[in-house]
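A.B. asks: Below is the structure I would like to discuss, written out as structure tokens.
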Amino acid sequence: MFAFLESYFSNDLAIDLGTANTLIWARGQGIVLNEPSVVAIRQEGGPNGKKVIQQVGLAAKQMLGRTPGNITAIRPMKDGVIADFTVTEQMLKQFIRRVHKSGIFTPSPRIVICVPCGSTQVERRAIRESAYGAGARRVELIEEPMAAAIGAGLPVEEATGSMVVDIGGGTTEVGVISLGGAVYSGSVRVGGDKFDEAIINYIRRNYGMLIGETTAEHIKKEIGSAFPGSEVREMEVNGRNLAEGVPRSFTISSNEILEALSDPLNSIVSAVKTALEQTPPELGADIASKGMVLTGGGALLRDIDRLLMEETGLPVLIADDPLTCVVRGSGIALDRMDKFSSIFTSD
Amino acid sequence: MTDSQPDGSIEEPPFSAGAALREARARLGLSVADVAHRLKFAPRQVEALEADDFARLPEITFVRGFVRSYARLLQLDPAPLLAALPGAPVPPPPLAARALEEISFSSLSPTRKPNLAWLIAATLIVALAAGFFVWMRGDKPGAPPKTPKAMLAEKPPAPVQPPASAVPGLATVAAVTAQLQVSAHSAPPAAATLPQSAVPAAAPRRPGTIRMEFDEESWVEVTDREGRILLSQVFPRGSEQSLNGKPPFSLVIGRSSAVRLTYKGKAVDLAPHAKAGVARLTLE
């Protein structure tokens, strides 16, 4: 009876706690929050003073690399898992507070939160604990490939193989799903962040210029591509010349970015090929006729589907609204939590 | 041209994604086999899509991705083609922006939100306190004089803010918890052994630094330099009270118009300090 009352008053939440963005889905409302996973912390009154959260989300992301001495902008998630436990907990608390009104008669929310399938037990425990610390009443974990597949609308419960490749900020998750369970799931710690890093390194090596993460991300979104296309695009970039020590501008083309991204893209292609090798032949045949589905922010990289198509010889499709697939899938799992409990991980 | 509507507009056949793709492919001079080769779908699937025969195609999720890839290959805008497919997803509502509250971040240990158990515990404590209050109130009429020890034990929990005015109905309540504390050298010998000497209101009065005379029933609270309550009591009409302590003293006097106050032998006018009949002042 109390459980019924609690679920009546409480807003259950599904959270995609991603390396780049955190999304929250509330029962009956859909996606209620989509913010970068960045926290800006202000140190008050000397080195031993108390730390206060200055900004969280988009406002904090704009501070990245532009902060004075007493403010630090932190990305508390790295490679899909928690790098700074306390800051992650506070960030989650802030985000939950924005979307979940707390009151005397409002119990704490039940939370479904996704974890990379390659995360260790310790990393999963940290995510679970941070959600409890942020005010959850009950926490269920769901593996990202499963959430992405549900969110992309794949027939996960049917006796047919569905393959999903979720390219996130920190990790790339590959899953082959049939009859509501993962037949194969793999994870490589390559994602959007590694793309940015590769662009920074390429520009430093070839141009002798230093650029920040935000600029690298901007270049990736503007002219980044994963497959040589007919159209070559160029972009003017500002950075600091390492030899002269002063800011300079230079022009970079999409073909150079393609060259810069070749290493992380090869890792993703290898992970997909490994998954196909490990997939039973019947399910492989299903995937060959229907194709694999790309989700996550990495799916927005130009021609990444073309690259995977050429490398694997299979149809590759991009899901509708790939950035929100994981959180939508977690939300659907939350709605069906009572009868669909087997998809949650027990670690 | 043949089907003219009454308002003059021409009825167009319903927009079909398959037909639009077929036309665009023919315009570019591509064959079905070319498209199948580029998109890695089977030629039969390309033909099924162009014929809008969804029964021969996989689930609609895959068809939407297929149309998107095909449209890009033909350099078409995929949005109208996707909208023409069955089962188009509803666009999500815009996110509601909420103000960010600033919270303290000094604690390094993970904190848990107080749950229902804490709420129940707090309610029980409040109920117990209310019960104790009612019991004490019923104890008042005809109660025997309290010993100094007993009076010390029932010190009010947080007597920082006294009642705003000396309402007669509250006076009896206040009298129950009232106590008198004076400095050690002015205490009678019987109470001298206590750590903080206290004498009841009925103890023999001696001339002190502060002296008050009451023309009407009134309520007084006096605290000393360290915030200790020296006096918190209702005085009947015609009584008087003296006390000593460490200045400065903070005084709150209910019905101040009926109280005459002298400090170090000088009369103090309460009228400038009075507000709604209650005087609040500090004596240096």
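Bear in mind that the values in this text are calculations on the coordinates, not laboratory data. The model shown is predicted, which means the values in this text are computed figures rather than measured ones. Positions of Cβ are generated from backbone atoms using ideal geometry, with glycine treated the same way; all protein chains shown enter the neighbour counts.
A.B. asks: Give the calculated FRET efficiency between A:E197 and B:I60 to the nearest 0.05, with a Förster radius of 30 Å applied to their Cβ-Cβ distance.
C.D. replies: 0.20
A.B. asks: While we're looking at this one, here's another question. How large is the dipole of the stretch A:13-103 about the Cα centre if only Lys and Arg carry +1 and Asp and Glu carry -1, each at its Cβ, rounded to the nearest 20 debye?
C.D. replies: 260
A.B. asks: On to the next question. List the DSSP H helices in chain A whose Cα atoms stretch 20 Å or more along the helix axis and whose mean Kyte-Doolittle hydropathy is at least -1.0.
C.D. replies: Result, helices passing both filters: A:85-99, A:192-207, A:262-278.
A.B. asks: If R₀ is 45 angstrom, what is the calculated FRET efficiency for the pair B:R27 and A:T72, using the beta carbon separation as r and rounding to 0.05?
C.D. replies: 0.20
A.B. asks: Using the basic label-point model (7 angstrom from Cα toward the beta carbon), what is the B:F132 to B:R225 distance in nanometres?
C.D. replies: A separation of 3.2 nm, rounded to one decimal place.
A.B. asks: Charges on Cβ only, +1 for Lys and Arg, -1 for Asp and Glu, centred on the Cα centroid of the stretch A:251-333; of A:G329, A:L301, A:G313, which one is farthest towards the dipole's positive end?
C.D. replies: About the Cα centre, the residue reaching furthest to the positive side is A:G329.
A.B. asks: A further question follows. Along the stretch B:38-46, what does the Karplus equation 6.51 cos²θ - 1.76 cosθ + 1.60 (θ = phi - 60°) give for ³J(HN,Hα), rounded to whole Hz, x for Gly and Pro?
C.D. replies: 5, 8, 6, 8, 6, x, 4, 6, 5
A.B. asks: Considering only A:G161, A:G65, A:A147, whose Cα is most displaced toward the positive end of the charge dipole of chain A, charges sitting on Cβ of Lys, Arg (+1) and Asp, Glu (-1)?
C.D. replies: A:G65
A.B. asks: Cα-Cα over 26 Å: which of A:K194/B:K40; A:K220/A:K290; A:K50/A:K93; A:K51/A:K194; A:K78/A:K101?
C.D. replies: Table pairs above 26 Å Cα-Cα are A:K194/B:K40; A:K220/A:K290; A:K51/A:K194; A:K78/A:K101.
A.B. asks: Follow-up. In the Gaussian network model of chain A, springs joining C-alpha atoms below 10 Å, which of A:N206, A:N238, A:N34 carries the largest mean-square fluctuation?
C.D. replies: So, out of A:N206, A:N238, A:N34, the one fluctuating most is A:N206.
A.B. asks: Go through the stretch A:68-103 and name the trypsin sites (Lys or Arg not before Pro) that are in a DSSP coil and have 11 or fewer other Cβ atoms within 10 Å of their Cβ.
C.D. replies: For trypsin sites (Lys or Arg not before Pro) across the stretch A:68-103 that sit outside H, G, I, E and B with at most 11 neighbouring Cβ atoms in 10 Å, the list reads A:K101.
A.B. asks: Using the charge dipole of chain A (Lys, Arg: +1 at Cβ; Asp, Glu: -1 at Cβ; taken about the Cα centre), state which of A:V183, A:G28, A:I199 has its Cα farthest towards the positive end.
C.D. replies: A:G28
A.B. asks: Still on this structure, please answer the following. Can you tell me how the stretch B:223-279 classifies by the Cα gyration tensor, rounded, prolate or oblate, using a/c under 1.5 as the rounded cut?
C.D. replies: Taking the square roots of the gyration eigenvalues as a ≥ b ≥ c, the stretch B:223-279 is rounded.
A.B. asks: Please list 3J(HN,Hα) in residue order for the stretch B:63-73, calculated via the Karplus relation 6.51 cos²θ - 1.76 cosθ + 1.60 where θ = phi - 60°; whole Hz, with x for glycine and proline.
C.D. replies: So the J values, rounded to whole Hz, are 4, 5, x, 4, 4, 5, 5, 5, 4, 5, 4.
A.B. asks: Right, another one. For the stretch A:110-260, with only Lys/Arg (+1) and Asp/Glu (-1) charged at the beta-carbon, what is the dipole magnitude about the Cα centre, in debye rounded to 20?
C.D. replies: In debye, rounded to 20, the stretch A:110-260 gives about 500.
A.B. asks: Still on this structure, I have one more. When the Kirkwood radius is taken over all Cα pairs of the stretch A:245-297, what Stokes-Einstein diffusion coefficient follows at 37 °C and 0.692 mPa s, in µm²/s?
C.D. replies: 228
A.B. asks: Just rank A:V39, A:V139, fewest to most, by other beta-carbon atoms within 10 angstrom.
C.D. replies: In increasing order of surrounding Cβ atoms, one gets A:V139, A:V39.
A.B. asks: If you take every DSSP beta bridge whose two residues both sit in chain A, what share of them, in percent to the nearest 5, is antiparallel?
C.D. replies: 75
A.B. asks: What translational diffusion coefficient, in µm²/s and rounded to a whole number, does the Stokes-Einstein relation yield for the stretch A:191-298 at 10 °C and a viscosity of 1.306 mPa s, taking the hydrodynamic radius as the Kirkwood radius over Cα pairs?
C.D. replies: For the chosen part, D equals 102 µm²/s.
A.B. asks: Write out the GluC sites (Glu not before Pro) in the stretch A:172-255 meeting two conditions: DSSP loop, and at most 16 other Cβ atoms within 10 Å of their Cβ.
C.D. replies: A:E231, A:E244
A.B. asks: For chain A, just say rounded, prolate or oblate: build the C-alpha gyration tensor, square-root its eigenvalues into a ≥ b ≥ c, call rounded for a/c under 1.5, and beyond that prolate if a/b exceeds b/c, oblate if not.
C.D. replies: Oblate shape, in that a/c is at least 1.5 and b/c is the bigger or equal ratio.
A.B. asks: Mind checking which of A:G296, A:G28, A:G57 has the largest fluctuation in a GNM of chain A, springs on alpha carbons under 10 Å?
C.D. replies: A:G28
A.B. asks: Still on this structure, I have one more. List every residue whose amide H lies under 5 Å from the amide H of A:R302, counting only residues 5 or more places away in sequence or on a different chain, with H placed 1.01 Å from N in the peptide plane.
C.D. replies: For A:R302, the qualifying residues are A:A226.
A.B. asks: Just A:P47, A:P116, A:P264 to compare: in a GNM of chain A, with alpha carbon springs under 10 Å, which one fluctuates most?
C.D. replies: Of A:P47, A:P116, A:P264, the Gaussian network model singles out A:P47 as fluctuating most.
A.B. asks: Relative to the Cα centre, what is the charge dipole magnitude of the stretch A:278-335, using +1 at the beta carbon of each Lys and Arg, -1 at the beta carbon of each Asp and Glu, and rounding to the nearest 20 debye?
C.D. replies: Its charge dipole is roughly 100 debye.
A.B. asks: Please list, in order along the stretch B:270-275, the HN-Hα scalar couplings obtained from phi with the Karplus expression 6.51 cos²θ - 1.76 cosθ + 1.60 (θ = phi - 60°), rounded to whole Hz, x for Gly and Pro.
C.D. replies: Per-residue couplings from phi come out as 8, 4, x, 8, 7, 9 Hz.
A.B. asks: What per residue convex hull volume, in Å³, do the alpha-carbon atoms of the stretch A:59-177 yield?
C.D. replies: With only Cα atoms used, the stretch A:59-177 gives 143 Å³ per residue.
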